[in-house]
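Let me begin by presenting the structure, written as structure tokens, before commenting on it.
The values are calculated or read from the model by the stated rules, or taken from the named source; none is laboratory data. Quick caveat, the model's predicted, so the values are computed rather than measured. Positions of Cβ are backbone-derived with ideal geometry, glycine not excepted, and every protein chain shown enters the neighbour counts. Note: accessible area is taken over every heavy atom of the protein model, side chains too, but ligands, DNA and RNA are not part of it. Shrake-Rupley method; radii C 1.70, N 1.55, O 1.52, S 1.80 Å.
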2 protein chains.
Amino acid sequence: MLDNDYRGTICIEDIEIGMSRSLRKMITDRDIEMFAEISTDHNPVHLDDDYANETIFEGRIAHGMLTAGLISAVIGEQLPGHGTVYLGQSLKFMAPVRPGDMVDAVVTVTDMDIGKRRVTMDTHCEIDGKKVLKGEAVVLAPSRKFD
Amino acid sequence: MLDNDYRGTICIEDIEIGMSRSLRKMITDRDIEMFAEISTDHNPVHLDDDYANETIFEGRIAHGMLTAGLISAVIGEQLPGHGTVYLGQSLKFMAPVRPGDMVDAVVTVTDMDIGKRRVTMDTHCEIDGKKVLKGEAVVLAPSRKFD
């Protein structure tokens, strides 16, 4: 974990279109092993160097949903953060993420309906500025009315 | 892990529309703690009973992407399985998944383009027959031509 951004809640009343938050994290072998245990996905492209070297990826890669988890972490911890209800997410996997890669997960507000507390966000993950995963998130944001 | 289905590869030449595979897994506290570590998402709705009891969920819930990981496990290990390239996934989160819930993740082929090795699948997770997550996956399936 390299991000030092505040983690907590941004209520719908304080969210604006264009607002953005991010985190940066290195994907480790331990992350991949733990994700395999949680998901039961032990596909050797994630876990077996010899097998993975013979695939089109030419080496082990992280599970796509592991990388996607970084997007949900930005949403759940920063924007809107605690109190958010995650409604939907689209994911397009564009390039592999490998053990040792430093991933930036970025979330940017693109549309909102304050009355319905509904926020739409552009979401992506990148490595050295190259997008490896992109999509759109839709959430219900918390409101100060419910504090 | 309660599924005993074969894990390996189904090549594009052997895939048919309507073909379906699934797995069943109980979501545990340990799963949620590990997913929090991997993703850096320590939102207290996942980890803090006292906090979570005061939310609309009235108790701790699993990270949405943790549940989504079960779908990707069916895809990566069973249908099409090893050798699959995951291109995209949509996710609609419909109901919370709680520690102790037994989740069925189900993947069903809805469309395919054999020439392009592209397969579209309906994907969902359910608990006691009630859908808690649904969406669509698009993948490139392996081919016997490349064996």
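Placing a label point 7 Å from Cα along the Cα-to-Cβ direction at residue B:49 gives distances to the equivalent points in the other copies of 4.4 nm, listed shortest first. Every Cα-Cα pair of chain B was included, and the share exceeding 24 Å stands at 36 percent.
Peptide packing for A:134-142, A:65-73, A:51-59 was compared via the average number of neighbouring C-beta atoms within 10 Å per residue; ordered from the highest value, the list is A:65-73, A:134-142, A:51-59. Ranked from shortest, the separations from the 7 Å Cα-to-Cβ label point of residue B:145 to its equivalents in the other copies are 5.7 nm.
Expressed as a whole percent, the accessible area of the protein assembly as shown that falls on carbon and sulfur atoms is 47 (1.4 Å probe).
Between residue A:33 and residue A:114, the FRET efficiency estimated from the beta carbon spacing at R0 = 35 angstrom works out to 0.25. Kindly express, to the nearest 10 degrees and within the range 0 to 90, the angle between helix A:64-77's C-alpha long axis and the longest C-alpha principal axis of chain A. The helix A:64-77 is inclined about 20 degrees to chain A.
Axis angle, to the nearest 10 degrees, between helix A:29-39 and the longest C-alpha principal axis of chain A: 70 degrees. For the protein assembly as shown, dividing the convex hull volume of the Cα atoms by the residue count gives 126 Å³ per residue. Taking each of A:131/B:92; A:25/B:134; A:25/A:145; A:131/B:130; A:116/B:92 in turn, the alpha-carbon distance tops 25 angstrom for A:25/B:134; A:25/A:145; A:131/B:130. With its label point put 7 Å out from Cα toward Cβ, residue A:33 sits 1.7 nm from the same residue's point in the other copies, in order from shortest.
Accessible area per residue for the protein assembly as shown, computed on protein heavy atoms with a 1.4 Å probe, is 45 Å². Interface area, chains A and B: about 3200 Å² of buried accessible surface, summed, with a 1.4 Å probe and ligands, DNA and RNA left out. Interface residues of the range A:55-75, defined as those with an accessible-area decrease of at least 40 Å² between the chain by itself and the complete set of protein chains (probe 1.4 Å), are A:65. In chain B, the DSSP-assigned H stretches of four residues or longer account for a calculated mean residue ellipticity at 222 nm of -6500 deg cm²/dmol, using -39500 (n - 2.57) per stretch and the full residue count as denominator.
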